[in-house]
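The values are calculated or read from the model by the stated rules, or taken from the named source; none is laboratory data. Everything numeric in this text was worked out from a predicted model, so none of it was measured. Neighbour counts are summed over all protein chains in view; Cβ atoms, including those assigned to glycine, are modelled from backbone coordinates with ideal geometry.
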Amino acid sequence: MKKQSIGTGRSHAKAILIGDHAVVYDQPAVAIPLLNLEVQATFQSLTQNQTVILAGQAKELSELGDDLEGLRQLIVSLQKDFGCEQDGFLLEIELVIPQERGFGASAALATAIVRAFFEWRGEALSKEKLTHYTSLAENISHGSPSGLDAATVSSEEPVWFMHKQTTNFETRLEATLVLADTGVRGQTVRAVNIVKSQLKENPESAWGAIKHLGELAYGVKEALGENDPVLLGQLFTAAHHDLQALQVSHPKLDQLVNAAIEAGALGAKLTGSGIGGAMFAIAEDDEQATDIAQALEKAGAKETWIQPL
């Protein structure tokens with residue numbers, strides 16, 4: 001294939017329904033794509049300079065760092081593998097996914113960039129290569145990610161994740177999901193270290209919570225397939241209690257979970273690494289979802305989203 005003057009790539013957010021943290025310890029997890037929260041990356045050839053525009057700010061590739069180090073090293077790796085380290089480019093990124101909220105923004109961003117880069121260079125992109133490059137960026141951003149984020153942000157169907165293997169499955173659930181941003185930045189690395197500490201200092205209770213989350217995952221998958229939103233809500237709330245026991249929740253998360261349940265939600269839990277970030281609640285229908293979203297905003301949610309399951 002011939003190099004193109006412009007290459008575009010897209011991806012979307014995700015939400016972990018069950019398996020947060022437990023998935024790192026070989027327990028199953030279920031995640032869903034959030035197709036309405038999207039990121040688009042576009043590479044365009046330039047005669048000189050290597051410029052990245054994100055959130056309306058333009059920076060040279062060599063100036064990226066801190067929170068964008070994973071992105072910088074991903075691009076450098078792609079350039080090296082394609083032998084185009086000196087080629088000029090303009091990379092424009094349109095991101096509507098809230099960052100550091102447990103929605104997989106970094107994995108989605110990496111996926112969109114890889115897709116755009118391969119199209120720009122006129123090369124076919126295999127699933128294996130996409131996974132390789134996305135994982136490279138995620139390892140820098142999050143240490144040792146499970147791979148669940150990377151799998152879900154490139155899928156349009158729910159994902160069952162176990163033993164580092166992913167399979168897609170269909171859901172028959174007739175219910176609605178309400179997601180809410182606490183407004184507090186999630187702290188993935190800190191949350192991961194907290195779980196490690198709990199497993200070392202309180203192994204019996206911590207391992208009990210991890211294993212229980214794994215058991216709940218099987219129930220969640222079954223409830224999704226059998227259209228049992230009441231059971232699903234109960235499983236989600238139970239999972240939140242396990243994550244509280246692992247000390248990765250946050251007062252803002254607990255506040256929103258409680259507010260959702262008081263507003264009639266069938267269940268609610270944090271999603272992602274915790275210590276801030278986001279949560280979700282399950283509603284019987286769109287009307288109830290609207291009521292829950294309003295209750296969450298009243299309880300301090302920075303932003304809410306409603307999505308059918």
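Of note:
- All positions within the stretch 182-204 that are within 21 Å of Pro28 (Cβ to Cβ) and hydroxyl-bearing (Ser, Thr, Tyr): Thr188
- Answer residue from the stretch 71-121, given it is part of a helix (DSSP H, G or I) and aromatic (Phe, Trp, Tyr) and is surrounded by the fewest Cβ atoms within 10 Å (Cβ to Cβ) among those: Phe82
Table: residues versus (1) modelled with pLDDT of 95 or more; (2) assigned by TED's automatic domain parsing to the domain that holds Phe103; (3) over 15 Å from Gly102 (Cα atoms).
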| residue | (1), (2), (3) |
| --- | --- |
| Ala151 | no, yes, no |
| Phe161 | no, yes, yes |
| Asp181 | no, no, no |
| Ser197 | yes, no, yes |
| Gly214 | yes, no, yes |
| Gly225 | no, no, yes |
| Gly233 | yes, no, yes |
| Phe236 | yes, no, yes |
| Ala245 | yes, no, yes |
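- For the stretch 239-251, filtered to residues that are touching a residue at least 24 places away in the same chain (Cβ under 8 Å) and surrounded by fewer than 19 Cβ atoms within 10 Å (Cβ to Cβ), the residue that is nearest to the chain's Cα centre (by Cα) is Gln247.
- As for the stretch 222-236, it holds at least one residue that is within 24 Å of Glu170 (Cβ to Cβ) and touching a Ser or Thr at 6+ places or on another chain (Cβ under 6 Å).
- Selection from the stretch 261-309 of residues that are over 17 Å from Thr237 (Cα atoms) and in a strand (DSSP E or B): Glu303, Thr304, Trp305, Ile306, Gln307, Pro308
Conditions tested, residue by residue: (1) over 24 Å from Val30 (Cβ atoms); (2) touching a residue at least 24 places away in the same chain (Cβ under 8 Å); (3) of a type in the set (D, E, K, R).
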site	(1), (2), (3)
Gln50	yes, yes, no
Gln57	yes, no, no
Leu71	yes, yes, no
Lys80	yes, no, yes
Ala105	no, yes, no
Phe117	yes, yes, no
